[in-house]
Amino acid sequence: MNNLLTARELKERASLADLLSRLGYHPVPKQGREKTYISMLRDNDTKPSFSVNDDLGVWFDHGTGKGGNIIDFGLAYWKTLGFNEVIKKIQQVCSLEETSAPRVLRPRKSAKVHHIVERVKPLGAHPAITDYLKSRGVFEIAKFYLSEVYYFVEDENDIRKHYFAAGWLNEHNSWEVRNRYFKGCMGHKGITVIPGQPKKAALFEGFLDFLSWRFENPEADHSIIVLNSLTLLQQGINKAKAFSSLDIYFDRDNAGKLASRDFIKALPYATDRSSVYEGFNDYNDKLKAQLKTASPVEKKKSDFFSNVRVPFER
């Protein structure tokens, strides 16, 4: 197999459930569209906590609070491989070949589904969304940036299932959504950019890490670039070229470290700032740990958010 599929082609043709099966992982018996596995990303998982929705092509590991598409899984599973190496590995494992013949994409075996956003509400209306964001330590700051997104998924038999999540818009005006059990995108995946100071930018893998940084840096005036997925690293690098000062806050796991390395290789003047949450996997893990040990007086700070900079309107 000499030729690589593009990331888009791979996501169209490869099935996450098929990849896991070929790797030797099988779901526990369960009804419904989502398949549940003992997590293969953690050694200490004893109860099934890794969910896969093959219709949407996404996964979510409840133990780590992380998820994404098939390429995100590959980056998390093969920790020492780079982006193109992961694409090649998935292509090999799933026996997907690229030929010189006219390209006809073969869809995944699972049926296509449609997801439709029904309505959007200000944050704070749904207690489950509120509780989730409070558990991550970002509810108060999230009020300035997130909305509640209510949507349904419709299958080929016109059967609808309704869902809700916290959401934020990406560059394609699609909603990136997240709740306690799911992480995905309602539309075309893309980067989220929040304009600020035109010469300096801070970059994050995910929005919760940005919110955690904002919690600790309410007066910072950086422009913000949130990848929403490491698969969009190159696009993030392209956007970051417009800034002369770059601070990177990617995860401290292998995938995040490789991404930081590749980013700095492309833009050598960028600075890896992940040492501010050394000892933790990401910025939000640090924030959650701090909140658990904070005194009641520290938790109140009623005027904390009076200085929060919000350089955009919904």
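The values are calculated or read from the model by the stated rules, or taken from the named source; none is laboratory data. If you're wondering where the values come from, they're calculated on a predicted model, not measured in any experiment. Ideal geometry is used to build each Cβ from the backbone, glycine not excepted, and the neighbour counts take in all protein chains shown. When the accessible area is computed, the model is the full protein with side chains, heavy atoms only, and any ligands, DNA or RNA have been set aside. Shrake-Rupley method; radii C 1.70, N 1.55, O 1.52, S 1.80 Å.
Residues that are of a type in the set (Val, Ile, Thr) and either at pLDDT below 95 or in contact with a Gly (Cβ under 8 Å, 6 or more places away or on another chain) (or both): does region 248-270 have at least one?
If we filter region 248-270 for residues that are of a type in the set (Val, Ile, Thr), which is where we start, we get 248, 264.
Right, trim to either at pLDDT below 95 or in contact with a Gly (Cβ under 8 Å, 6 or more places away or on another chain) (or both) and you get none.
No: zero hits.
Condition check: open to solvent by less than 20 Å² (accessible area, probe 1.4 Å) and either at pLDDT below 85 or not β-branched (Val, Ile, Thr) (or both). Does residue 72 satisfy that?
Numbers: open to solvent by less than 20 Å² (accessible area, probe 1.4 Å): no; either at pLDDT below 85 or not β-branched (Val, Ile, Thr) (or both): yes.
Answer is no for this residue.
Just one residue in the set 45, 55, 61 is open to solvent by less than 10 Å² (accessible area, probe 1.4 Å) and modelled with pLDDT under 85; that residue is 61. Within region 167-176, being open to solvent by less than 30 Å² (accessible area, probe 1.4 Å) and touching a His at 6+ places or on another chain (Cβ under 9 Å) holds for 170, 174.
When residue 216 is tested against the conditions (1) open to solvent by 10 Å² or more (accessible area, probe 1.4 Å); (2) in contact (Cβ under 8 Å) with a residue 24 or more places away in the chain; (3) touching a strand residue (DSSP E or B) at 6+ places or on another chain (Cβ under 6 Å), the lone failure is (3).
Residue pairs whose Cβ atoms lie under 7 Å apart, sitting 6 or more positions apart in sequence or on different chains, and linking a residue in region 37-52 that is on the phi < 0 side of the Ramachandran plot to a partner that is acidic (Asp, Glu) and assigned to a strand (DSSP E or B), are 39/61; 41/61; 49/61; 50/61; 51/34; 52/34.
Filtering 202, 270 for residues that are in contact with a Leu (Cβ under 6 Å, 6 or more places away or on another chain), within 28 Å of residue 80 (Cα to Cα) and either hydrophobic (A, V, I, L, M, F, W, C) or open to solvent by 20 Å² or more (accessible area, probe 1.4 Å) (or both) leaves a single hit, 270.
For region 169-182, the condition holds for no residue, the condition being that it is at pLDDT below 85 and in a strand (DSSP E or B).
Here is a check on your reading of the model: is residue 145 among the aromatic types (Phe, Trp, Tyr) and touching a residue at least 40 places away in the same chain (Cβ under 8 Å)? Against the criterion (among the aromatic types (Phe, Trp, Tyr) and touching a residue at least 40 places away in the same chain (Cβ under 8 Å)), residue 145 qualifies. Entry remark, region 124-143: residues being touching a Phe, Trp or Tyr at 6+ places or on another chain (Cβ under 8 Å) and either among the hydrophobic types (A, V, I, L, M, F, W, C) or open to solvent by less than 20 Å² (accessible area, probe 1.4 Å) (or both) number 7 in total.
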